[in-house]
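This report concerns only the one structure given below.
The values are calculated or read from the model by the stated rules, or taken from the named source; none is laboratory data. These figures come from a predicted structure and were not determined experimentally. Glycine gets a Cβ as well: all are built from the backbone with ideal geometry, and neighbour counts include every protein chain shown. For the accessible areas, the whole protein counts, side chains as well, though only heavy atoms, and no ligand, DNA or RNA atoms are used. Shrake-Rupley method; radii C 1.70, N 1.55, O 1.52, S 1.80 Å.
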Amino acid sequence: MPNPDDHLPDADLAPLHRITLREIRLPLVEPFVISSGREDERRILLLTLRDADGVEAWSECVAMATPNYSPETIDSCWQMIRQHVAPRVLGKELASPQAVHAALQPAFRGHWMAKAAVEMGCWGLAAERQGVSLAGLLGGTRERIEVGISLGIQPSSDHLCRKVEGALEAGYRKVKIKIRPGRDLDDLRQACRVAGSGSHLMADANSAYSLSDIPHLRQFDDLGLMMIEQPLAWDDLRQHGELQRQLITPICLDESITDVAKAADMVALGSGRIINIKPGRVGGLSSSLEIHDLCRRLDVAVWCGGMLESGIGRAYNVALASLPGFTLPGDVSPSARYWSQDIVTPEWTMDDTGHVQVPFDRPGIGVEVDVERIEQLTVRSEVLDVASQ
Ligand code: OSB
Ligand code: MG
């Protein structure tokens, strides 16, 4: 178990020499449906970062094919990384991942997922260079983390009940149920019946409601859910505050929190009581650490979300979720939840008590990347190097 005092805030880096972008397509074992869209096959943007000393690390961009969750897409990220992120980092003397984060801020609005893909890869590189685990480098303290499952909107509430039952039997510590108007209260009531209560259940609306739904949303309070995630607009804080004042169920914000300033605003406005931190959504791990530290000071619970990542993206999420402030189960499902075969070895697994082991004993991101398989799955690639800048 690493000592938190060993946490190295300024991990050392050598100048980046090359970033390789690759798109792969991974079929999901079952479709994933949320209030704003549906995925059957995940288009995934993978990055390989190589530094001046020849050290390499893999990272993953969490953007999806369409802008239904966030304004970013895998195609916008590819373009932004090529045109605006890479020129700010390739060949530059940036001594730490935090310096990379800082270099991506001035006069560069938004594009959190594009920035995060490179910034997170720099954390992977720093861990690799120092021969330490990413979790240890970030200051992680938990050797195993609690896992929650995220269940997409099912064809019927019977299907949902079977999924909830299966998830609890498998050991999952939290079951998140995707909802939309017309598929909410009834589904949730039945799920509570199957689960015995709402105490391990939560709902995620992905912005499907508005303030005129307050009377309807107040009925959720009878269920005793752990929380309701992002009921209102994807970029809203004020209206969530108005809703939270009329709900007992804690609101958890996902889409609306894109940096530490937004987290502070959430607290100031009372927009929610819990934050789902996804490093890809907030511009990377430096920003995630800032949000984590703020929430710890203010006693706001946080947990680590997911974006249907492959085993590479999961590695970064697992490392982050090992930090002490992550007190609620994370959406860090094992590989088999989404993929018939992952692109890392060993695959991510969950024990029957619903825990994933944090690989503190392995340097870097803690899993081997199956490069041969990735090459077979690659549909396009591009090399960005110092010479081309
Ligand atoms: O809102 O948390 C979300 C997946 C894609 C887009 C948005 C969300 C999700 C999930 C999946 O809930 C969580 C996971 O990766 O297991
Ligand atoms: Mg969400």
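Observations
- Screening Leu384 against (1) open to solvent by less than 20 Å² (accessible area, probe 1.4 Å); (2) within 13 Å of ligand 1 (Cβ to nearest atom) leaves a single unmet condition, (2).
This table checks each residue for (1) more than 18 Å from the chain's Cα centre (by Cα); (2) of a type in the set (Phe, Trp, Tyr); (3) in a helix (DSSP H, G or I); (4) in the same structural domain as Asp53 (by TED's automatic domain parsing).
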| residue | (1), (2), (3), (4) |
| --- | --- |
| Gln154 | yes, no, no, no |
| His159 | yes, no, yes, no |
| Leu168 | yes, no, yes, no |
| Val175 | no, no, no, no |
| Asn206 | no, no, no, no |
| Asp213 | yes, no, yes, no |
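- In segment 205-224, the residues that are surrounded by 15 or more Cβ atoms within 10 Å (Cβ to Cβ) form Cβ pairs under 7 Å with partners that are acidic (Asp, Glu) and at pLDDT 95 or above, at six or more places apart or across chains, as follows: Ala205/Glu229; Ser207/Glu255; Leu211/Glu242.
- Given (1) free of Cβ contacts under 8 Å to residues at least 60 places away in the same chain; (2) touching a helix residue (DSSP H, G or I) at 6+ places or on another chain (Cβ under 9 Å); (3) within 16 Å of ligand 2 (Cβ to nearest atom), index of the condition Ala103 fails: (3)
- Failed condition for Ile145, given (1) open to solvent by 10 Å² or more (accessible area, probe 1.4 Å); (2) in contact with a Cys (Cβ under 9 Å, 6 or more places away or on another chain); (3) outside any helix (DSSP H, G or I): (1)
- Each residue in segment 256-271 was checked for being open to solvent by less than 10 Å² (accessible area, probe 1.4 Å) and either within 15 Å of ligand 1 (Cβ to nearest atom) or touching a residue at least 60 places away in the same chain (Cβ under 8 Å) (or both), and 2 pass.
- For beta carbons closer than 7 Å, sequence separation of 6+ or different chains, a first residue in segment 350-379 that is without any contact (Cβ under 8 Å) to a residue 60 or more places away in the chain and a second that is of a type in the set (Phe, Trp, Tyr) and part of a loop (DSSP other than H, G, I, E, B), there are no qualifying pairs.
- Taken as a whole, segment 55-62 holds at least one residue that is of a type in the set (Asp, Glu), crowded, with 22+ Cβ neighbours inside 10 Å and out of contact with any His (no Cβ under 8 Å at 6 or more places or on another chain).
- Taken over segment 189-204, the criterion of being charged (D, E, K, R) and surrounded by fewer than 20 Cβ atoms within 10 Å (Cβ to Cβ) is satisfied by Arg189, Arg193.
- Test result for Ser333, within 16 Å of ligand 2 (Cβ to nearest atom), polar (S, T, N, Q) and open to solvent by less than 20 Å² (accessible area, probe 1.4 Å): yes
- Pick from segment 26-69, criterion in a loop (DSSP other than H, G, I, E, B) and of a type in the set (S, T, N, Q), ranking: farthest from ligand 1 (Cβ to nearest atom): Thr66
- Test: residue in segment 288-302 that is more than 20 Å from Ile248 (Cβ to Cβ), touching a residue at least 12 places away in the same chain (Cβ under 8 Å) and within 13 Å of ligand 2 (Cβ to nearest atom): no
- Any chance Ser197 is under 30 Å from Gly124 (Cα atoms) and assigned to a loop (DSSP other than H, G, I, E, B): no
- Of all residues making up segment 342-389, the number that are in contact with a helix residue (DSSP H, G or I) (Cβ under 7 Å, 6 or more places away or on another chain) and on the phi > 0 side of the Ramachandran plot: 2
- Residue list for segment 95-130, restricted to those being part of a loop (DSSP other than H, G, I, E, B) and open to solvent by 50 Å² or more (accessible area, probe 1.4 Å): Ala95, Gln105, Pro106, Ala107, Arg109, His111
- So Arg50, is it modelled with pLDDT of 95 or more, touching a Lys or Arg at 6+ places or on another chain (Cβ under 9 Å) and either assigned by TED's automatic domain parsing to the domain that holds Ser256 or crowded, with 16+ Cβ neighbours inside 10 Å (or both): yes
- The set of residues in segment 316-335 that are away from ligand 1 (no atom under 15 Å from the Cβ) and assigned to a helix (DSSP H, G or I) contains only Ala319.
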